[in-house]
Amino acid sequence: MNQIRDIALAPGGHQKIDWVRRNMPLLRGLEAEFSIEKPFAGLKIALSVHLEAKTAYLCRVLAAGGAEMWITGSNPLSTQDDVAAALAEGGLHVFAWHGTTPEEYRAHLRAVLEAGPNIIIDDGGDLVTMLHEELPHLCGNIIGGCEETTTGILRLRAMDAAKRLRFPMIRVNDADCKHLFDNRYGTGQSVFDGIDRTTNLIVAGKTVVVAGYGWCGKGVAMRAKGLGARVIVTEIDPIKGIEAIMDGFSLAQMHEAAAEGDLFITVTGCKDVITEAHFPLMKNGAILCNAGHFNVEVSVTDLEALAVEKREMRKNIMGYRLPNGRWVHLLAEGRLVNLAAGDGHPAEIMDMSFAIQALSARWLADHRDIEFNKMLLPVPPAIDFAVARRKLESMGCGIDTLTQEQEAYLYAE
């Protein structure tokens, strides 16, 4: 029994999925291989990833490999109802709709877990956390899982350090073919796609404050600069702070940047990055948005408590009038702006990330009888290099190969 908004929306979802499939050559290749090899035959896969067209195509690829797919979203606002309907019409088990309440969101997570999955594909760690805290009796069915994002890996590291992680999880986000491209180029482009379609305002000439200079922050800052903005970076890591300066950006503390920014973008993975201490310092008309996984980086609670008036200015833009008379505007409820107000990362970027996911899941299936001595695992280097080579081939490019003499020179003991 699926739980979706409306099965009649399926034709639009099929159209979206067909479009991204045309632009995801790595997954197309894996779909052809998996259809023959059936690496997931007899296995159930529970997946919680932002449920839009690219994720849907990953689900189809895994299903082509023999998996029984149980699917939900990883954010209440990123599910696209037509895409969910298309997957359900195709015979996959789907529990997701756009705009879920917190209770509905958790019920959907629970539904896919109660199916008794063997492999977990998670984005943010909600599936794994619920398994351990609420459904520990199902952990024995799990061969292992894959985590897609920085925030999820932070949660896994905490569980692993506390000796609570009960099955192996592969750190997909840490693969070079994931974070170097998805986090940097994917986030950089998709964040401004979401901002632009929501605000219809120019970036050039504005001051953009980017909170956090990890790989996602680097991509956002680079794109803001390319669009003609002046960029201020805020950081807690002194090394990343120096890096931001040497990359040509200004560095400031948030209480300093608050008075200068026209557009604020948080990408830290932490909570309370922009709070009641910062809102009154902001310019009239300042725009705030978040590109971190959870809606805790811009403190919506503080903003709601501080505001003397609240007004919807435009779809996905909520205006808050502060006691000083100034208005600040929050995009997409402080949730992931690139997905809650856009279509997420470009298809070509997610082709690489989801190829890593698919191959890591197959690696787990192939090694199901191995007893691992640690629970948090890196992506096998062979998978990373295989994805990179497939990507280059899809781009019509090649790389040189070392001669025996060169190998001897480089790797001589």
In the range 20-53, the residues that are of a type outside the set (Gly, Ala, Ser), without any contact (Cβ under 8 Å) to a residue 60 or more places away in the chain and surrounded by fewer than 24 Cβ atoms within 10 Å (Cβ to Cβ): 21, 22, 28, 31, 33, 36, 37, 38
Selected residue [among the charged types (D, E, K, R) and either within 30 Å of residue 138 (Cα to Cα) or in contact with a Phe, Trp or Tyr (Cβ under 9 Å, 6 or more places away or on another chain) (or both)] from 225, 218: 225
Restricting the range 161-212 to residues that are polar (S, T, N, Q) and in contact with a Gly (Cβ under 6 Å, 6 or more places away or on another chain), the residue that is farthest from residue 149 (Cα to Cα): 207
Test: residue in the range 181-192 that is in the same structural domain as residue 275 (by TED's automatic domain parsing), out of contact with any helix residue (DSSP H, G or I) (no Cβ under 8 Å at 6 or more places or on another chain) and without any contact (Cβ under 8 Å) to a residue 60 or more places away in the chain: no
The range 127-149, residues that are surrounded by 23 or more Cβ atoms within 10 Å (Cβ to Cβ) and either within 20 Å of the chain's Cα centre (by Cα) or closer than 22 Å to residue 212 by Cβ (or both): 127, 128, 145, 146, 147, 148, 149
Residue in the range 61-75 that is farthest from the chain's Cα centre (by Cα), counting only those that are over 14 Å from residue 366 (Cβ atoms) and of a type in the set (A, V, I, L, M): 64
Check on residue 169, more than 20 Å from residue 335 (Cα to Cα), hydrophobic (A, V, I, L, M, F, W, C) and without any contact (Cβ under 8 Å) to a residue 40 or more places away in the chain: no
Checking residue 198 against (1) surrounded by fewer than 24 Cβ atoms within 10 Å (Cβ to Cβ); (2) part of a loop (DSSP other than H, G, I, E, B); (3) within 20 Å of the chain's Cα centre (by Cα), the condition it does not meet: (2)
Residue selected from the range 326-367 under the condition of a type in the set (Val, Ile, Thr) and under 30 Å from residue 382 (Cβ atoms), by the criterion farthest from the chain's Cα centre (by Cα): 356
Spans of strands (runs of 3 or more DSSP E) in the range 288-397 with at least 2 residues at pLDDT 95 or above, more than 21 Å from residue 154 (Cβ to Cβ) and touching a strand residue (DSSP E or B) at 6+ places or on another chain (Cβ under 7 Å): 309-314, 317-321, 327-331
Members of the range 143-163 that are in a loop (DSSP other than H, G, I, E, B) and at pLDDT 95 or above: 143
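The values are calculated or read from the model by the stated rules, or taken from the named source; none is laboratory data. Keep in mind that this is a model prediction, so the values were computed, not measured. Because the Cβ atoms are built from the backbone with ideal geometry, glycine has one as well, and the counts that use them run over all protein chains shown.
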